[in-house]
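Participant: Can you read through this structure? Questions will come right after.
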Amino acid sequence: MDHSQAPVLEALDAYRREGQTPFTPPGHKQGRGADPRVRAVLGEGVFASDVLAIAGLDDRMSSAGVLERAQELMADAVGARHTFFSTCGSSLSVKSAMLAVAGPHEKLLVSRDAHKSVVSGLILSGVRPIWVEPRFDEERGLSHPPGPEAYEAAFAEHPDARGALVTSPTPYGTCADMAAIAEVCHRRGRPLIVDEAWGAHLPFHPDLPAWAMSVGADVCVTSVHKMGSGLEQGSVFHLQGDLVDPAVLESREDLLGTTSPSVLLYAGMDGWRRQMVEQGHELLDAAIRLAGSVRERVEELEGLHVNGPEFLGPDRAAQLDPLQVVIDVSGLGTTGYRVADWLREHRHVNTHLSDHRRVSAQFTHADDPHTADLLLVALDDVSSQAHHLEPSVRVDVPSPRELRLEQVVLPRDAFFGRTEQVPVKEAAGRVVAEMLTPYPPGIPAALPGERLNAAVVDYLRGGVEAGMVVPDATDPKLESVRVFVEGTEPG
């Protein structure tokens, strides 16, 4: 296929050059009705390119087939059979994939380190999750994706499960042995869904971890806006093989998606695909070298250590994305939360994620020596100023056994069932009716239908005191928790 083409971008350019006059949404009419103060911040080009997809530019139902051709080019670029664009982020894409594989009350094997969007999909669908335990590094208080043996055991116990879902890479850049997990699934004729939101770049350089379609996954969900050049909310999901019907997958996306898709997002994904095909290897090569040099220089700073080899090996991760630079700050005697706040406030440097002992810096092909130096100077400053940081509150991360909460009722039944708000001191032993999700990275510590224990409650309360953010809780300060009233389950 001719990857010099960018069908959405070309159609948008033609629309603007032809001087089309819309009597359709959006109501700003290419910026003419927008407040000049808004245009001054967002730019004239944003409004000029924000046009209607249906009966304006095009959509997958229109005769010109602009979006269809753009999706075909994306599929060809990465070696997928089908590709679908989403303008509602990978949160929608992963829900679509789940609903294409399992229905209400059917079982789906799900890694327990799944993003909150997966849990939202369980709540909406009524799918029964069979949790697959991650590999947990107790020394560092960090989980890595489950291994194939965990999926093998889960299928042996639940042979009626409709398929499996794994998250890889994690936000920390650690990757599952997806080829082996795919083999476990396919031996039973079951599909594998991969939440690869952090892996849009993986197909375009051989020194990056293997990506889902290359090792046998059936459906792969990718956030183009995370590690690519797409705009926020731009996501694609890829399909191959015959275990998932493409028509069913598309119908699930249509059910959940917006009827007013953003042409801006389509154009961003279309242009990024062309950029990666034409220049991706060269751009990513430079990014990998740059991230490597940053690792070496951070390692020289007092109190800081760059994680890497210790994340890999038996009972840990299979591969590691070199563009996620994960820095252990525990040698400074403080938490990652405090360091992240200090860097933002004092050096205007925003880290990717922070936890009880780490911060991370996400590198992409957009970074260069200048941005790398800004990060290094900021880290050098926080290293030398660490004694001025307030003493950190200790965050006790529970053991894997304590982190594993009992699933008492379906997530959907707990979320939509009869609930009450109780003081946090009374929450242990109750069935939680909301997601309690340290963010980032957005992996629920407790989710609807699970019975809370004292260890997880203490962990979350201590985390909030130390700077952890739990934004989706009804009470983000976690002075109280929403719980399910047992005995009110349907049927």
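The values are calculated or read from the model by the stated rules, or taken from the named source; none is laboratory data. Remember, predicted model here, so these are calculated numbers, not experimental data. Because the Cβ atoms are built from the backbone with ideal geometry, glycine has one as well, and the counts that use them run over all protein chains shown.
Participant: Say whether the condition of being more than 26 Å from Gly228 (Cα to Cα) and not assigned by TED's automatic domain parsing to the domain that holds Gly228 is met by at least one residue in the stretch 359-373.
Facilitator: Keep residues of the stretch 359-373 that are more than 26 Å from Gly228 (Cα to Cα), which gives none.
No - not one qualifying residue is present in the stretch 359-373.
Participant: So which residues in the stretch 215-243 are surrounded by fewer than 17 Cβ atoms within 10 Å (Cβ to Cβ) and either in a strand (DSSP E or B) or of a type in the set (Gly, Ala, Ser) (or both)?
Facilitator: Matches in the stretch 215-243: Gly241 only.
Participant: If you don't mind, another one. Considering only the stretch 187-205, state which residues are free of Cβ contacts under 8 Å to residues at least 40 places away in the same chain and either among the hydroxyl-bearing types (Ser, Thr, Tyr) or surrounded by fewer than 20 Cβ atoms within 10 Å (Cβ to Cβ) (or both).
Facilitator: Those that are free of Cβ contacts under 8 Å to residues at least 40 places away in the same chain and either among the hydroxyl-bearing types (Ser, Thr, Tyr) or surrounded by fewer than 20 Cβ atoms within 10 Å (Cβ to Cβ) (or both): Arg187, Arg188.
Participant: Just one of the numbered conditions (1) in contact with a Ser or Thr (Cβ under 7 Å, 6 or more places away or on another chain); (2) modelled with pLDDT of 90 or more is not true of Leu12; which one?
Facilitator: Of the numbered conditions (1) in contact with a Ser or Thr (Cβ under 7 Å, 6 or more places away or on another chain); (2) modelled with pLDDT of 90 or more, the odd one out for Leu12 is (2).
Participant: Follow-up question, since we're still on this one. Looking only at the stretch 416-435, decide whether some residue is more than 25 Å from the chain's Cα centre (by Cα), among the charged types (D, E, K, R) and crowded, with 19+ Cβ neighbours inside 10 Å.
Facilitator: Yes: one or more hits.
Rundown of residues vs (1) in contact with a strand residue (DSSP E or B) (Cβ under 9 Å, 6 or more places away or on another chain); (2) assigned to a strand (DSSP E or B); (3) surrounded by 14 or more Cβ atoms within 10 Å (Cβ to Cβ), yes/no style:
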{"position": "Leu343", "(1), (2), (3)": "yes, no, yes"}
{"position": "Ser360", "(1), (2), (3)": "yes, yes, yes"}
{"position": "Ala366", "(1), (2), (3)": "no, no, no"}
{"position": "Thr371", "(1), (2), (3)": "no, no, yes"}
{"position": "Val377", "(1), (2), (3)": "no, no, no"}
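Participant: Give Leu255, Leu304, Leu265 a once-over and let me know the one that is crowded, with 17+ Cβ neighbours inside 10 Å and under 22 Å from Cys88 (Cβ atoms). Lay out the reasoning, then the answer.
Facilitator: Working: Leu255 fails: crowded, with 17+ Cβ neighbours inside 10 Å; Leu304 fails: under 22 Å from Cys88 (Cβ atoms).
Exactly one residue qualifies, and that residue is Leu265.
Participant: Give the residue, chosen from Leu92, Leu99, Leu73, that is of a type in the set (A, V, I, L, M) and at pLDDT below 90.
Facilitator: On the way: Leu99 fails: at pLDDT below 90; Leu73 fails: at pLDDT below 90.
The match here is Leu92.
Participant: Then there's this: Going through Glu18, Glu10 one at a time, which residue ends up being loosely packed, with under 13 Cβ neighbours inside 10 Å and either free of Cβ contacts under 8 Å to residues at least 40 places away in the same chain or outside the structural domain of Val263 (by TED's automatic domain parsing) (or both)? Give the derivation first.
Facilitator: Numbers: Glu10 fails: loosely packed, with under 13 Cβ neighbours inside 10 Å.
Matching residue, one of Glu18, Glu10: Glu18.
Participant: I need a count of the residues in the stretch 345-358 that are outside any loop (DSSP other than H, G, I, E, B) and of a type in the set (Val, Ile, Thr). Lay out the reasoning, then the answer.
Facilitator: Looking only at the stretch 345-358, we keep the residues that are outside any loop (DSSP other than H, G, I, E, B), and these are 345-347, 353-354, 358.
Next, from what is left, pick out any that are of a type in the set (Val, Ile, Thr): none.
Adding up the residues that qualify gives 0.
Participant: Considering only the stretch 431-449, how many residues are small (Gly, Ala, Ser) and either without any contact (Cβ under 8 Å) to a residue 12 or more places away in the chain or closer than 17 Å to Asp413 by Cβ (or both)?
Facilitator: Quick first cut of the stretch 431-449, residues small (Gly, Ala, Ser) only: 433, 442, 445-446, 449.
Then drop every residue that is not either without any contact (Cβ under 8 Å) to a residue 12 or more places away in the chain or closer than 17 Å to Asp413 by Cβ (or both), which leaves 433, 446, 449.
Qualifying residue count for the region: 3.
Participant: Restricting to the stretch 109-136, count the residues that are acidic (Asp, Glu) and either touching a Ser or Thr at 6+ places or on another chain (Cβ under 6 Å) or free of Cβ contacts under 8 Å to residues at least 60 places away in the same chain (or both). Even if it seems obvious, please write down each step before you answer.
Facilitator: So the first thing to find is which residues in the stretch 109-136 are acidic (Asp, Glu), and the list is 113, 133.
From what's left, either touching a Ser or Thr at 6+ places or on another chain (Cβ under 6 Å) or free of Cβ contacts under 8 Å to residues at least 60 places away in the same chain (or both): 113.
Within the stretch 109-136, residues that are acidic (Asp, Glu) and either touching a Ser or Thr at 6+ places or on another chain (Cβ under 6 Å) or free of Cβ contacts under 8 Å to residues at least 60 places away in the same chain (or both) number 1.
Participant: Quick one: Leu265 ticks every box in (1) in a helix (DSSP H, G or I); (2) of a type in the set (A, V, I, L, M, F, W, C); (3) modelled with pLDDT of 95 or more except a single one, so which number is it?
Facilitator: Single failed check for Leu265: (3).
Participant: Tell me whether the stretch 388-403 contains one or more residues that are more than 30 Å from Val432 (Cα to Cα) and either of a type in the set (Lys, Arg) or not in a loop (DSSP other than H, G, I, E, B) (or both). Let's see the steps before the verdict.
Facilitator: Step one: filter the stretch 388-403 for residues more than 30 Å from Val432 (Cα to Cα), giving 388-391.
Now drop any that are not either of a type in the set (Lys, Arg) or not in a loop (DSSP other than H, G, I, E, B) (or both), which leaves 388.
Yes, the stretch 388-403 has at least one match.
Participant: For the stretch 244-262, which residues satisfy the criterion of being assigned to a helix (DSSP H, G or I), among the hydrophobic types (A, V, I, L, M, F, W, C) and out of contact with any Leu (no Cβ under 7 Å at 6 or more places or on another chain)? First the steps, then the outcome.
Facilitator: Taking the stretch 244-262 first, the residues assigned to a helix (DSSP H, G or I) are 246-256.
Retained after the next criterion (residues that are among the hydrophobic types (A, V, I, L, M, F, W, C)): 247-249, 255-256.
Residues satisfying the conditions are Ala247, Val248, Leu255.
Participant: Out of all the residues in the stretch 366-412, which are basic (Lys, Arg), under 24 Å from Gly141 (Cβ atoms) and touching a residue at least 24 places away in the same chain (Cβ under 8 Å)?
Facilitator: Scanning the stretch 366-412 gives Arg394, Arg404.
Participant: So, one more: Considering only the stretch 177-202, state which residues are assigned to a loop (DSSP other than H, G, I, E, B) and over 21 Å from the mean Cα position of the chain (by Cα). Please lay out each step first, then the result.
Facilitator: Taking the stretch 177-202 and keeping what is assigned to a loop (DSSP other than H, G, I, E, B), we get 177, 187-191, 196-201.
Arg187, Arg188, Gly189, Arg190, listed by residue number.
Participant: Also, quick follow-up: Can you tell me which residue among Asp458, Asp472 is in contact with an Asp or Glu (Cβ under 8 Å, 6 or more places away or on another chain), surrounded by fewer than 17 Cβ atoms within 10 Å (Cβ to Cβ) and in a loop (DSSP other than H, G, I, E, B)? If you could, list the steps in order and put the result at the bottom.
Facilitator: Working: Asp458 fails: in a loop (DSSP other than H, G, I, E, B).
It is Asp472.
Participant: Name the residue, out of Glu139, Glu106, Glu149, that is in contact (Cβ under 8 Å) with a residue 24 or more places away in the chain and surrounded by fewer than 21 Cβ atoms within 10 Å (Cβ to Cβ). Show your work before the answer.
Facilitator: Values: Glu139 fails: in contact (Cβ under 8 Å) with a residue 24 or more places away in the chain; Glu149 fails: in contact (Cβ under 8 Å) with a residue 24 or more places away in the chain.
None of the other options fit; the residue is Glu106.
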